[in-house]
Amino acid sequence: MKITRFETAKYILPLTQRYRVGTVDTDKRDGRLVRITSDDGFTAYGEISPLPGLHAESLREVDDALRVVGTDLEGRSFATFDTFASNVADRVAACAPHGQFGAPSVVFGLQTAGAALFAMAADTTPAAILSPRARDRVVVNALFVGDAAAAAEAIASGELDSYVCVKVKIGRGTAAADRSMLQVLLAGLPSRTQLRLDANRTLSLPDAIARFEGLPAERIEYLEEPLANPEELPDLHAATGLRIGLDETLRERSLFHLGRAPWVAAWCLKPALVGHWQRLLFLATEAEKHGAAVVVSSCFESGLGLWMQAQMAAALPGKTAAAGLGTEGWLRLDLVAPPYDSSCGFVRTCDWQGTPAERVLEKLRFVQAR
């Protein structure tokens with residue numbers, strides 16, 4: 001397959017409400033679309049949208065990398081997706097300002113566009129390109145952010161009923177407010193529904209114990225990155241009996257060893273933050289080796305990026321838990337049509353939408369890499 005044209009376009013998608021990542025508030029998703037065309041007439045798209053407060057690379061650095069990689073890709077031929085993916089990762093690493101893994105959002109967007117291109121040529125799904133043993137559907141968790149009143153409203157509306165798992169943001173209010181909200185969710189949701197409690201490293205050990213001690217272990221799948229000091233995670237597990245999900249900790253070389261602990265329930269992996277598909281595959285294999293499930297989760301991408309992350313989740317080996325790919329409700333608009341929809345609690349890889357909607361394409365201005 002020969003790449004005959006490489007183009008990029010800017011886009012902005014407003015969020016339904018402001019969202020905080022670390023110390024950064026955002027009310028929109030600002031990113032780039034890449035469009036790659038092959039000599040056999042296929043065109044594929046990829047989404048690149050570094051999340052402020054999470055990704056190191058800026059949009060200016062994204063644009064710089066795309067100019068270099070795009071110029072290099074045009075006119076080159078690739079026999080397999082693996083050769084395309086390796087070339088892209090190497091080229092981005094060579095010009096990344098933050099080291100080998102310094103622009104993972106760029107690698108993610110380019111590699112997913114490549115997987116889509118090879119899938120179109122083979123008349124199959126990207127998941128099947130990534131693995132011949134890919135599953136045909138991916139279970140997805142819901143995301144809940146709010147207080148006890150919002151929890152009661154969500155339960156009354158039935159919007160959480162289809163999900164086997166709900167991720168709940170913790171630590172944005174007092175311990176008493178969190179306990180009250182959790183009691184509403186635990187009492188109102190079906191008994192089969194488990195909760196993932198994500199505090200984004202905001203709590204001290206005493207604060208965490210105050211929130212989590214005494215919660216029913218059979219209903220709490222794990223506590224995701226609860227502590228400001230991850231070295232105290234073994235103490236939290238000992239005090240509460242609850243297992244832990246790791247996210248940021250796995251990206252810190254000095255703390256990576258914690259992922260091997262028996263009290264770790266899951267490795268939470270964000271493809272747009274990991275970057276290279278082969279690295280995601282390596283991390284999933286490592287998680288399986290140490291008895292942890294893999295949770296593939298998003299960085300609030302549009303439906304285009306969510307669909308591609310679902311394809312990756314379906315292709316990963318080992319034990320995968322419900323994916324954190326239920327964030328589409330935070331976007332006022334989607335790039336694809338029909339919009340990505342996980343409200344039934346899962347998505348099927350064969351329903352994949354890899355091309356932006358016509359109404360979107362009409363408004364975007366694609367330019368060739370120069």
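The values are calculated or read from the model by the stated rules, or taken from the named source; none is laboratory data. Here the structure is a predicted model, which is why all the values come from computation and not from measurement. FYI the Cβ positions are ideal-geometry reconstructions off the backbone, even for glycines, and counts take in every protein chain you see.
A few remarks follow.
- Any hit, segment 162-174, residues being surrounded by fewer than 21 Cβ atoms within 10 Å (Cβ to Cβ) and touching a Cys at 6+ places or on another chain (Cβ under 9 Å): yes
- Segment 321-338 - residue that is in a strand (DSSP E or B) and in contact (Cβ under 8 Å) with a residue 40 or more places away in the chain and, of those, surrounded by the most Cβ atoms within 10 Å (Cβ to Cβ): ALA323
- Every residue from segment 209-231 that is crowded, with 18+ Cβ neighbours inside 10 Å, over 19 Å from the mean Cα position of the chain (by Cα) and not in a loop (DSSP other than H, G, I, E, B): ARG211, PHE212, ILE220, LEU227, PRO230
- Lone unmet requirement of (1) in a strand (DSSP E or B); (2) touching a Leu at 6+ places or on another chain (Cβ under 8 Å); (3) modelled with pLDDT of 90 or more; (4) not aliphatic (A, V, I, L, M) for PRO50: (1)
- Hey, ARG196 in contact with a strand residue (DSSP E or B) (Cβ under 7 Å, 6 or more places away or on another chain), within 20 Å of LEU143 (Cα to Cα), in contact (Cβ under 8 Å) with a residue 40 or more places away in the chain and in a loop (DSSP other than H, G, I, E, B) or not: no
- Pairs with Cβ under 9 Å, 6+ apart, first in segment 66-82 and of a type in the set (A, V, I, L, M), second surrounded by 14 or more Cβ atoms within 10 Å (Cβ to Cβ) and in a loop (DSSP other than H, G, I, E, B): LEU66/ALA369; VAL68/ALA369; VAL69/ALA369; LEU73/ALA369; ALA79/MET1
- Residue in segment 85-105 that is part of a loop (DSSP other than H, G, I, E, B) and among the acidic types (Asp, Glu) present: no
- Unique match (being more than 30 Å from ASP198 (Cα to Cα), outside the structural domain of ASN200 (by TED's automatic domain parsing) and out of contact with any strand residue (DSSP E or B) (no Cβ under 7 Å at 6 or more places or on another chain)) among GLY22, GLY70, GLY41: GLY41
Here is a yes/no grid of residues against (1) hydroxyl-bearing (Ser, Thr, Tyr); (2) touching a residue at least 24 places away in the same chain (Cβ under 8 Å); (3) under 20 Å from ALA322 (Cα atoms); (4) not assigned by TED's automatic domain parsing to the domain that holds ALA337:
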| position | (1), (2), (3), (4) |
| --- | --- |
| ASP235 | no, yes, no, no |
| LEU242 | no, yes, yes, no |
| SER254 | yes, no, no, no |
| ALA265 | no, yes, yes, no |
| CYS268 | no, yes, yes, no |
| TRP277 | no, yes, yes, no |
| GLU286 | no, yes, yes, no |
| SER298 | yes, yes, yes, no |
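- Scanning segment 339-362 for residues that are without any contact (Cβ under 8 Å) to a residue 60 or more places away in the chain, farther than 18 Å from LEU15 by Cα and either in a loop (DSSP other than H, G, I, E, B) or within 15 Å of the chain's Cα centre (by Cα) (or both) yields GLN353, ALA357, GLU362.
- GLY75 being more than 18 Å from the chain's Cα centre (by Cα), more than 27 Å from VAL62 (Cβ to Cβ) and assigned to a loop (DSSP other than H, G, I, E, B): no
- Unique residue being closer than 17 Å to SER298 by Cβ, touching a helix residue (DSSP H, G or I) at 6+ places or on another chain (Cβ under 6 Å) and not assigned by TED's automatic domain parsing to the domain that holds GLU248 when the list is GLY53, GLY31, GLY46: GLY46
- Evaluation of GLU7 against the conditions (1) in a strand (DSSP E or B); (2) in contact with a Leu (Cβ under 7 Å, 6 or more places away or on another chain); (3) surrounded by 15 or more Cβ atoms within 10 Å (Cβ to Cβ) shows that the sole unmet condition is (2).
- Whenever a residue of segment 170-192 is within 18 Å of THR202 (Cβ to Cβ), its partners that are among the polar types (S, T, N, Q), lying with C-beta atoms within less than 6 angstrom and at least six residues away or across chains, give the pairs GLY171/THR202.
- Residue within segment 129-150 that is free of Cβ contacts under 8 Å to residues at least 24 places away in the same chain, loosely packed, with under 15 Cβ neighbours inside 10 Å and closer than 30 Å to CYS350 by Cβ present: yes
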